[in-house]
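Here the structure is laid out as structure tokens; the discussion comes afterwards.
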Amino acid sequence: MDKQELNTALKQKKIINEGKLATLEKELAQAKNSSPWEDFLVEKKVINETDLLNLKSGLLAVPVVDLTALQIPQEVLNLVPEPIAHRHKVISFAKTGDLLSLAMADPTDLQIKEFMQKKTGMKIKPFLIGRTSLDFGLSKYHSSLEKEIKHLFTPISQPLTAKPEGLSADDSLKKMAEEVPVIRVVDTLLEYAVFEKASDIHIEPQENALTVRYRIDGVLHDVMTLPKVIQAGIVARIKVLSNLKIDERRLPQDGRFKIEKDGYKFSLRVSTIPIFDGEKVVIRLLDESAKAQTLEELGFEKESFEIITRNVKKPHGMLLVTGPTGSGKSTTLYTLLSMLNTKSVNISTIEDPVEYRIVGANQMQVNPKIGLTFDVGLRALLRQDPNIIMIGEIRDRETAEEAVHAAMTGHIVFSTLHTNTAAGALPRLLDIGVEPYLIASTVNAVLAQRLVRVICKDCQAAASLDDAAIEALSKEFHLEKLLPVLVRVGLTTAKTKSINELKFYKGQGCDKCSHTGYKGRLGIHEILEVTPTVAEMIMAHKSANEIQDQGEKEGMVLMWQDGFLKALKGITTIDEIVRVSKE
């Protein structure tokens, strides 16, 4: 529930006064591993858990339930998948006709109620639940799942090298993959990953257990721990789905499969590697039903938007996007292609792999096993009369030379490079072996980007910078360069003398964002236009730092400065800018 509403109720009941509240809020803000506000109040013995529940129950008009005093039917418990129960603190405990009773730490969570209503086809009756009762309900999942698995998986409780009598190793693994509990667990993991908007699923064998983690908004979160006995079955099930060799456990393998259900359609890329305790599996989720976003939705500020729009409308030339793996380069390129995708142009791409389908574009996937590399595919594409070409990545001299020649001969070319800054891409092309005059005459602009987490709107609060924080930031960034940029874009005035006069924001953590303070991600960017001056510097083999300095003189906003712009607008936090700038 709303923190302010709770505080008001506590003061009205004379449980706490204004001065004590202010002291506790300050103490919580200074704590390194801060708890949710309600837990902190209980921890500090301001109020006990029972009284807090009763207070919230009256304010929310939702009854309290104690699960420790109930017998929960297993089929009712399993209506809420275990990962969702853990992350969103919700337990289904009773079913009467078409009415499902749901114990919730946050009975106001409409997203979960709608999800459960859609999943079960039943009406939802919410109940309020406390931590002790919740922990009891969650413990029922693990014990029941472990019992069920041990009962049905007696043959695979032997070492992996052992074979059930009468079955080959391959047949034994296939049989495991078809068992109902394994199918249920894998389906649950995939369903929950889609629900949580996870980008990756990590299934990691430990010595005595199997750990599952999801990457959500760029950060890994523990989801559940499964019994070791189910490890072989889960890996086999995923291998069957992705058409991999089931009995090959010594070599890395790559595959893919698709899931389509309830209006969503995902392509899943699977990678397995042998590690000490078994095979680790990582699944990348790609939403095929996602609509192409606009540049504004990706986080481009007005100046950046104008620079990109100006450069993609040129009749030929190259635009490069740089950044580390997972920084959103492909999403930006797909957005640019969608902007230019009309019936009057021929768009051709060569990618590794094809991540999203673009209606009307000709998308080719590289296959080095048969000799279809980026440079070979690109030469073939140039014979297909393209207007716009997208190359997944420039990795070597051959691909780079083909790309710049395509840009010289009247094509618009998009591609990516692995460099940390926009200015660093130009010397990188020189290092690969491309002639300076080709780079200077073909590259129109270079975009560098990172993804930062967005502050949760439900628990956003103002946060100022103290002297210690500013001193720490000054070691990371040239802060004296920041204020002129803020003045230029209209976020402050020339009267501002220091950034500690500015107001920033943070997320306090709530049930809507699983107490992380963040929900969703957005890009921070820097764009270097290749002006005549920059082109001369490329010809003179100038360093990345010298080129960047020139870009700044011509009005280029650096990536960390773009991050500060978004922090001032309440989109992200200073901590996020520091985190991604170190990548």
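The values are calculated or read from the model by the stated rules, or taken from the named source; none is laboratory data. Predicted model only: the values in this text are computed from it and were never measured. Keep in mind that these areas ignore ligands, DNA and RNA; they rest on the heavy atoms of the full protein, side chains included. Shrake-Rupley method; radii C 1.70, N 1.55, O 1.52, S 1.80 Å.
Here are some notes:
- Gyration tensor over the Cα atoms of the stretch 212-357: the corresponding equivalent ellipsoid has semi-axes (square roots of 5 times the eigenvalues, largest first) of 37, 17, 15 Å.
- Ranked from largest to smallest solvent-accessible area, with a 1.4 Å probe on the protein heavy atoms, Lys119, Lys13 come out as Lys13, Lys119.
- Compactness relative to 2.2 N^0.38 Å, alpha carbon Rg of the stretch 1-77: 1.32
- Dimensions in Å of the stretch 277-403 - Rg and Dmax from alpha carbons: 15.8, 55
- In Hz, Karplus ³J(HN,Hα) per residue of the stretch 572-581 (6.51, -1.76, 1.60; θ = phi - 60°; x = Gly, Pro): 9, 10, 4, 4, 5, 4, 5, 4, 6, 6
- Using every pair of separate Cα atoms, the Kirkwood estimate puts the hydrodynamic radius of the chain at 27.2 angstrom.
- Ellipsoid semi-axes for the stretch 409-567, based on the Cα gyration tensor and the rule √(5λ), read 35, 20, 13 Å when sorted largest first.
- Whole-number D in µm² s⁻¹ for the stretch 193-256, Kirkwood Cα-pair radius fed into Stokes-Einstein, 4 °C, 1.567 mPa s: 100 µm²/s
- Exceedance of the 28 Å cut-off in Cα-Cα distance is limited, within the set Lys113/Lys228; Lys3/Lys503; Lys118/Lys265; Lys313/Lys457; Lys3/Lys495, to Lys113/Lys228; Lys313/Lys457; Lys3/Lys495.
- Diffusion coefficient of the stretch 488-583 by Stokes-Einstein, Kirkwood radius over Cα pairs, 37 °C, 0.692 mPa s: 208 µm²/s.
- Estimated from helical segments only, the mean residue ellipticity of the chain at 222 nm is -12000 deg cm²/dmol, where each DSSP H run of four or more residues counts as -39500 (n - 2.57).
- Computed with the Debye formula from one identical point scatterer per Cα of the stretch 363-453, without solvent, the log10 of I(q)/I(0) at q = 0.18 Å⁻¹ comes to -0.81.
- Relative contact order (percent, whole number), the chain, Cα cutoff 8 Å, 6+ residue spacing: 10 percent
- Mean sequence separation of contacting Cα pairs (under 8 Å, at least six apart), scaled by the length of the stretch 423-576, corresponds to a relative contact order of 38 percent.
- Taken over the Cα atoms of the stretch 1-142, the convex hull encloses 115 Å³ per residue.
- The stretch 449-538: C-alpha gyration tensor shape, a/c 1.5 cut-off, then a/b vs b/c: oblate
- Whole-Hz ³J(HN,Hα) from phi, Karplus 6.51 cos²θ - 1.76 cosθ + 1.60, for the stretch 38-54, glycine and proline x: 4, 5, 5, 5, 5, 4, 8, 6, 5, 8, 8, 4, 5, 5, 5, 4, 5
- Using only alpha carbons, the stretch 297-353 has a radius of gyration to Kirkwood radius ratio (Rg to Rh) of 0.95.
- Helix 110-120 and the longest principal axis of the C-alpha atoms of the chain enclose an angle of approximately 70°.
- Short to long, the 10 Å bins of the Cα pair-distance histogram for the stretch 33-113 hold 15, 43, 33, 8, 0 percent of all pairs.
- Whichever aspartates and glutamates have a C-alpha closer than 12 Å to that of Lys314, once near sequence neighbours (fewer than 8 apart) are set aside: none
- Kirkwood hydrodynamic radius (C-alpha pairs) into Stokes-Einstein, the stretch 339-386, 20 °C and 1.002 mPa s, D in µm²/s: 187 µm²/s
- For the stretch 185-225, radius of gyration divided by Kirkwood radius, i.e. Rg to Rh on alpha-carbons: 0.97
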